[in-house]
Amino acid sequence: MKQAESTGTLAGQKAFSYFPGCSLHSTAREYDVSARLSCEALGIELKELEGWACCGASSAHSTNELLAVSLPARDLKRAGEVGLPLVAACAMCFSRLKIASHELQNNDMRKLVQTVIGQEIQKTARVVHLLEVVDSRLDAIPVKKPLTELKVACYYGCLLVRPREKVAIDDAENPQLMDRLVRKLGAEPVAWAFKTECCGAGLPLARPDIVLKLCHRILAQARQAGADCIAVACPECHSNLDTHQEEIRARYGDDARVPVVYFTQLLGLALGLSVQQLHLDKHLTDPVPVLSSKGLA
Amino acid sequence: MARIGVFICHCGSNIAGSVDIARVLEAARKMPQVVYVEDNKYTCSDPGQASIRNAVKAHRLNRVVVAACSPRMHEKTFRKTVEQAGLNPFLLEIANIREQDSWVHSDDKERATEKAIEIVRLAVAKVARNYELYARQISLTKRALVIGGGISGIQAALDIANAGHEVVLVEREPTIGGRMAQLDKTFPTLDCSACILTPKMVELAQHNRVVLFTYAEVQSIKGFVGNFEVEVRQKARKVNHTTCTGCGTCWQKCPEKVPSEFDLGMGQRTAIYIPFPQAVPTKPVIDTEHCRYMKYQRFVASGEEDKKPPQCRVCEKLCPTGSIDWEEQDRVFTEKFGAIIVATGYQTFDASAYGEYGAGMYPDVISGLQLERLMCASGPTGGEVKRPSDGAHPKTVVFVSCVGSRDEAKCRPYCSKVCCMYMAKHAIMLREHDPEVQCYIFYIDIRAGGKAYEEFTRRAQEEYGAIYLRGRISKIYQEGKKLVVLGEDSLIGRPVELSADLVVLATGMEPSSGVVELAQKLNISYDTNQFLVEAHPKLRPVETQSDGIFLAGACVGPRDIPDSVAQGSAAAVKAAALFSQDYITTDPMTAMVDISRCTGCLLCTQVCPFKAISTQALRDGRVVASVNEGLCKGCGLCAAVCRSKAIDLRGFTNQQLFAEVTSLWQ
Amino acid sequence: MAVGFEPRVVGFLCNWCSYAGADMAGTSRMSYPPNIRIIRVPCSGRVDPLFVVKAFQMGADGVLIAGCHPGDCHYTEGNYHMRRRFALLQPFLDYVGIEKERFRLEWVSASEGKRFTQVVTSFTEQLRQLGPRKDRELMAAKGVQRAV
């Protein structure tokens, strides 16, 4: 099995297959919209992968290993036929696609998956995360409105950098991809220790106590580090951190409110797009006041 | 014309039991150039050997084949025998008809006999082409070079000097003492490190057979055992050490302060400095990067017109002996040595590779060696343990073990061996400094192999109340004035969270920087972790594959002080044993060049693992290969690659080996 | 396969590992087919490709080269040189009609008497299966007695 363009540099790549994933078509629309707009402004062509299906998300791999590989395998095969690198914005989609392409290198697994999806996999696409793509052309970002004086806590979550040997787009304990980007946009990335801490993932309904505890600590640490906002690259992290801030205040008594935005929204803002275009006014913890106070909104 | 005698051994029934000796004798008699054959019950016995000697004389034999056991068994014995008979010892070949015939084919006498005949035929074909070889004697310089002035190097140098030989010790830092000088106390006896080390440093400096070059580095190495030529670069100190008395006025008055390397950033030093008060030599060097006058000179040289920095030159003005020498430059000189001891030691792992521990980000996350400096009475805090951020006395101290050890992900798969012990030592010491201190030690395993080591770690727990938690740390972060340590106690299977005043990372050992470059200069090997490789890990632990180059201390692998000292002494004995000879006898089975055939392609120089082949220019202008017999070990790689068959290996010549092959199945 | 065919095998054994390994097979009283003729060399890297060619020219049915395991060479890297040489020589022999199965490179340490017997036994058996050399039969049919 071939993996298309596994070695080419991302910097020279103009067009990508785009895997929005379910979240970006629903709860994380603002991520989708801001990603598309920013990429357009950067001259990156995102072609939504035709006929893409769910990556399996958190359910598949916790219940059935074969299903967890087969679902993304079908998408990888489709993308392989298109012949462009497959870019995912959602950290979970990215993780599932990346791990599946790793598993498919194993001949036995590939044969098994082929019988499941009823198709032969000859070529899969290289899987990249949108952060990697943006990072590859960092110097060429035409910053129109520098995010001066904005202090940003870059939050990567679990899935972008782990497991180290299969995903590894950056250091697993102290990643720098987003920090570099934020600095380039004129903002100041704060040094903090919770960049890759778990947010509670898919547990907010089953075990809200865990999610609230974990989110509280992340938010509190971001605030202590002096952050004006938290930048994320994952719809699930966003939803956990953004939507529970009132509950956290009620439970822990301290005001740990920090707006949580997608890195693509900060990117779009610096590229001169408006708050409304980027859906920055759609978050539950409103980032507009802090952005206005810095003259950015 | 060769006159070959073949002596076939029965070895009791070991050979005769499964080989028909009579048939072998008969066949051997017919082999070309064989003029005499005989068999013996035990050829290696006195009568057997006497029989060979007599036959050589009686039948004017000039070549001998002994068909018996493996040459690995008795080749030396029979070489001596033929030598006693007046022949050159290398006019002998052994036909191995025991280990490689009678013992492995005892079930088939017919074919074992056939094979024995073939084996004898091979040996006869080879021995006919043997010629006299003579061991060469090479003179040697009875003078040793020790590279590295840590405890291992100091011990090696002292032992060689006390054995009556001259020693030169080269150390790249401004003082000898190495890592041990940075320690406060040593485990498990809690001896004051300086109290036991500094007398040795002084003894070395005052020894009349020792020459000390500090602030100097080995630049290049040529030659071979007994005859090394080493270029040493003496870095410019800008201070004349002949006139300097080490009074200390300069370093007390120098206004420029920089973080001290010796104190690992826990304290400051001046731009003209000695690393620590008991440094040897107790004479300063000027750090040209930070010295104000040097900065001024660089500014003037750059031609900029901005406001000029101050000239300073305070040291020069105050020096009572006028020893400041701004003009001094690096100086390179060549010295001859017979043996080299490499004792380059270790450095500690840079913990900032672990993003989750926050070393370098939080001032109160420090390394074990930094804590040593904070506890040391002559250290930057005068022995008062104050944490770097605010100078407060820490009450809760968390230790993290295996930082840069036993971690594949950080390319440090090995155990650093000393960390478990020094964590226990620190836990004891901290309690002794302040009874209110509570230490928590996160460990993977407690490795306390060594005399009185296990008892020591027990004491830390039982008498000094250190709490050992088995598990790794997942994160350390600052919360107010405290450090929050998140980890796991894997014995109870629960996450733990501790609030600490100070976190100490038990950083592991890694080879000193620059050791790879040095190994390449010396042509000795290093492993994937860049530790130097012994000739044999069990039986030749202080030797290298290069004769005359020995290893001592932590450059070979993680070592504690007693092991490093023992190795220093061991390496010294090896050097002294070498120097007990008046010349070195070389194995005569070395490569030789037929200069009339050599085309000068020099492929041989590329394949030689010992850099034993150099070039020589002939009078007609041709450049041909030339073998240094002192370096050649007789592997024959050169002979196999030579396109013009100009280089050959004595004892295993092309002619001999071709003769063996062509003698088969005749 | 020829009836009663006994292959002729030449083994070049390095002095430090494989020759000692062969001795070890003897001292342990193991047993292997007596077809092999052992030539001692200081290092597998000493083996000139011409020795191998010569052995085949003399009528060998198979040639074995045995040296120290990678990383264990007494001369640090001689076995690596032989490994490269082997990779080039084997296809070349195949090209001139000597099947690549007839030329083997093996690593046998001084303690591996057992492994030495296994190597020799399996190699001899393999050569027995291959039968006499086709290139020699071809030449014999054309009236050539010995390859040049």
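The values are calculated or read from the model by the stated rules, or taken from the named source; none is laboratory data. In this text the structure is predicted, and so the values were computed from the model without any measurement. Glycine also receives a Cβ, built like all others from the backbone with ideal geometry; neighbour counts cover every protein chain displayed. Keep in mind that these areas ignore ligands, DNA and RNA; they rest on the heavy atoms of the full protein, side chains included. Shrake-Rupley method; radii C 1.70, N 1.55, O 1.52, S 1.80 Å.
Remarks
- Residue match in the stretch B:655-662 (condition: within 14 Å of chain C (Cβ to nearest Cβ), open to solvent by 20 Å² or more (accessible area, probe 1.4 Å) and without any contact (Cβ under 8 Å) to a residue 40 or more places away in the chain): yes
- Unmet criterion (only one of (1) at pLDDT 90 or above; (2) within 19 Å of A:Ile169 (Cα to Cα); (3) open to solvent by 10 Å² or more (accessible area, probe 1.4 Å)) for A:Gly12: (1)
- Verdict on B:Pro309 being within 27 Å of B:Leu518 (Cβ to Cβ) and either more than 38 Å from the chain's Cα centre (by Cα) or touching a residue at least 40 places away in the same chain (Cβ under 8 Å) (or both): no
For (1) over 33 Å from the mean Cα position of the chain (by Cα); (2) within 12 Å of another protein chain (Cβ to nearest Cβ); (3) open to solvent by 70 Å² or more (accessible area, probe 1.4 Å); (4) under 21 Å from B:Ile524 (Cα atoms), each residue gets a yes or a no:
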| residue | (1), (2), (3), (4) |
| --- | --- |
| B:Thr599 | yes, no, yes, no |
| B:Leu602 | no, no, no, no |
| B:Val607 | no, yes, no, yes |
| B:Phe610 | no, yes, no, yes |
| B:Ala625 | no, no, no, no |
| B:Glu629 | no, no, no, yes |
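- Any chance A:Lys151 is among the basic types (Lys, Arg), modelled with pLDDT of 90 or more and closer than 27 Å to B:Ser352 by Cα: yes
- Of the residues making up the stretch B:220-263, those that are of a type in the set (A, V, I, L, M) and either closer than 29 Å to B:Tyr296 by Cβ or touching an Asp or Glu at 6+ places or on another chain (Cβ under 7 Å) (or both) are B:Val225, B:Val230, B:Val232, B:Ala236, B:Val239, B:Val258.
- Counting the residues of the stretch B:172-229 that are closer than 24 Å to B:Ala448 by Cα, surrounded by fewer than 19 Cβ atoms within 10 Å (Cβ to Cβ) and not hydrophobic (A, V, I, L, M, F, W, C) gives 2.
- Selection count where residues are buried (at least 20 other Cβ atoms within 10 Å of the Cβ) and at pLDDT 95 or above, scope the stretch B:577-588: 2
- Pair list, Cβ under 9 Å, 6 or more apart: the stretch B:62-80 residue within 14 Å of chain C (Cβ to nearest Cβ) and farther than 13 Å from B:Val37 by Cα, other residue in a helix (DSSP H, G or I) and aromatic (Phe, Trp, Tyr): B:Ala68/B:Phe78; B:Ser70/C:Tyr19; B:Pro71/B:Phe78; B:Pro71/C:Tyr19; B:Arg72/C:Tyr19
- Those residues of the stretch B:625-649 which are more than 15 Å from B:Thr586 (Cβ to Cβ), touching a strand residue (DSSP E or B) at 6+ places or on another chain (Cβ under 6 Å) and free of Cβ contacts under 8 Å to residues at least 40 places away in the same chain, in sequence order: B:Ala625, B:Ser626
- The residues of the stretch B:461-482 that are at pLDDT 95 or above, open to solvent by 50 Å² or more (accessible area, probe 1.4 Å) and part of a loop (DSSP other than H, G, I, E, B) amount to a single one, B:Glu463.
Residues checked against (1) hydroxyl-bearing (Ser, Thr, Tyr); (2) touching an Asp or Glu at 6+ places or on another chain (Cβ under 6 Å); (3) modelled with pLDDT of 95 or more:
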| residue | (1), (2), (3) |
| --- | --- |
| C:Ile65 | no, no, yes |
| C:His69 | no, no, no |
| C:Asp72 | no, no, no |
| C:Val96 | no, no, no |
| C:Lys100 | no, yes, no |
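Results for (1) in a helix (DSSP H, G or I); (2) surrounded by fewer than 22 Cβ atoms within 10 Å (Cβ to Cβ); (3) of a type in the set (Lys, Arg); (4) touching a residue at least 60 places away in the same chain (Cβ under 8 Å), shown as yes or no for each residue.
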position	(1), (2), (3), (4)
A:Leu71	yes, no, no, no
A:Phe94	yes, no, no, yes
A:Leu112	yes, yes, no, no
A:Val116	yes, yes, no, no
A:Gln119	no, yes, no, no
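- Leading residue by the ranking (nearest to the other protein chains (Cβ to nearest Cβ)) among those in the stretch C:71-97 that are touching a helix residue (DSSP H, G or I) at 6+ places or on another chain (Cβ under 6 Å) and in a loop (DSSP other than H, G, I, E, B): C:Cys73
- The residue that is farthest from the other protein chains (Cβ to nearest Cβ), among those in the stretch A:138-193 that are assigned to a loop (DSSP other than H, G, I, E, B) and of a type in the set (Gly, Ala, Ser), is A:Gly186.
- Unique match (being small (Gly, Ala, Ser), farther than 18 Å from C:Arg40 by Cβ and in contact with a Cys (Cβ under 8 Å, 6 or more places away or on another chain)) among B:Gly48, B:Gly5: B:Gly48
- Selection of strands (runs of 3 or more DSSP E) fully inside the stretch B:345-419 by the criterion of at least 1 residues being away from every other protein chain (no Cβ under 14 Å) and open to solvent by less than 10 Å² (accessible area, probe 1.4 Å) returns B:365-367, B:396-403.
- Residue match in the stretch B:540-562 (condition: modelled with pLDDT of 95 or more and open to solvent by 60 Å² or more (accessible area, probe 1.4 Å)): yes
- The set of residues in the stretch A:121-137 being of a type outside the set (Gly, Ala, Ser) and in a helix (DSSP H, G or I) consists of A:Leu130, A:Leu131, A:Glu132, A:Val133, A:Val134, A:Asp135.
- Meets criteria (within 14 Å of chain A (Cβ to nearest Cβ), surrounded by 14 or more Cβ atoms within 10 Å (Cβ to Cβ) and within 23 Å of B:Pro394 (Cα to Cα)) for B:Val485: yes
- Test: B:Leu491 is open to solvent by 40 Å² or more (accessible area, probe 1.4 Å) and over 36 Å from the mean Cα position of the chain (by Cα): yes
- Restricting attention to the stretch B:163-207, the residues being part of a helix (DSSP H, G or I) and in contact (Cβ under 8 Å) with a residue 12 or more places away in the chain number 15.
- Across the stretch C:59-94, the qualifying residues are those that are without any contact (Cβ under 8 Å) to a residue 24 or more places away in the chain, open to solvent by less than 60 Å² (accessible area, probe 1.4 Å) and in contact with a strand residue (DSSP E or B) (Cβ under 7 Å, 6 or more places away or on another chain), and the one among them that is nearest to C:Phe116 (Cα to Cα) is C:Phe86.
- The helices (runs of 4 or more DSSP H) located wholly in the stretch A:215-297 that include 3 or more residues which are farther than 12 Å from A:Ala28 by Cα and out of contact with any helix residue (DSSP H, G or I) (no Cβ under 8 Å at 6 or more places or on another chain) occupy A:245-252, A:288-293.
- Checking each residue in the stretch C:27-55 for being assigned to a helix (DSSP H, G or I), surrounded by fewer than 24 Cβ atoms within 10 Å (Cβ to Cβ) and within 7 Å of chain B (Cβ to nearest Cβ) picks out C:Thr27, C:Phe51, C:Lys54.
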